[in-house]
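Heads up: the structure comes next, in structure tokens.
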């Protein structure tokens, strides 16, 4: 675990842990039912925002906000969809296969989140 110790001007000790921040982002994203619906819809194949908006009956503004959170949490990948003509819209695909959450019985503040990448991913994401 990487920690950055910072001393504020009042002398209090603050600890910033980037792994904890990304784990929290992941848990927030997974806690949202509409975000989970996006993950289910993008598991089998990549879809554009327009396709997802129509399939899930979500306004594009809401969908993009949720997609940004999922992409930022590294559980959805965003890539351009190549088209023979016109624009190349971005497409989204679920990038994970499993999420494991472990909590400590001794330290109620300790939460460990491990993410297993999907079959097409060749990297391990550890939060």
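The values are calculated or read from the model by the stated rules, or taken from the named source; none is laboratory data. Just so you know, these numbers come straight off a predicted model, no measurement behind them. Cβ atoms come from the backbone with ideal geometry, glycine included; neighbour counts cover every protein chain shown.
Observations, loosely collected:
- Residue within the range 91-100 that is at pLDDT 75 or above, assigned to a strand (DSSP E or B), in contact with a strand residue (DSSP E or B) (Cβ under 9 Å, 6 or more places away or on another chain) and surrounded by fewer than 11 Cβ atoms within 10 Å (Cβ to Cβ) present: yes
- Condition met for residue 76 (in contact with a helix residue (DSSP H, G or I) (Cβ under 6 Å, 6 or more places away or on another chain), touching a residue at least 60 places away in the same chain (Cβ under 8 Å) and under 19 Å from residue 25 (Cα atoms)): no
- Condition check for residue 39: in a helix (DSSP H, G or I) and either within 19 Å of residue 101 (Cα to Cα) or modelled with pLDDT under 90 (or both): yes
- The set of residues from the range 69-90 being out of contact with any strand residue (DSSP E or B) (no Cβ under 8 Å at 6 or more places or on another chain) and loosely packed, with under 13 Cβ neighbours inside 10 Å comprises 82, 83, 84, 85, 86, 87.
- Filter result for residue 53 (under 17 Å from residue 32 (Cα atoms) and assigned to a loop (DSSP other than H, G, I, E, B)): no
- Members of the range 59-71 found to be under 14 Å from residue 39 (Cα atoms) and in contact with a helix residue (DSSP H, G or I) (Cβ under 8 Å, 6 or more places away or on another chain), listed by number: 63, 64, 66, 67, 69, 70
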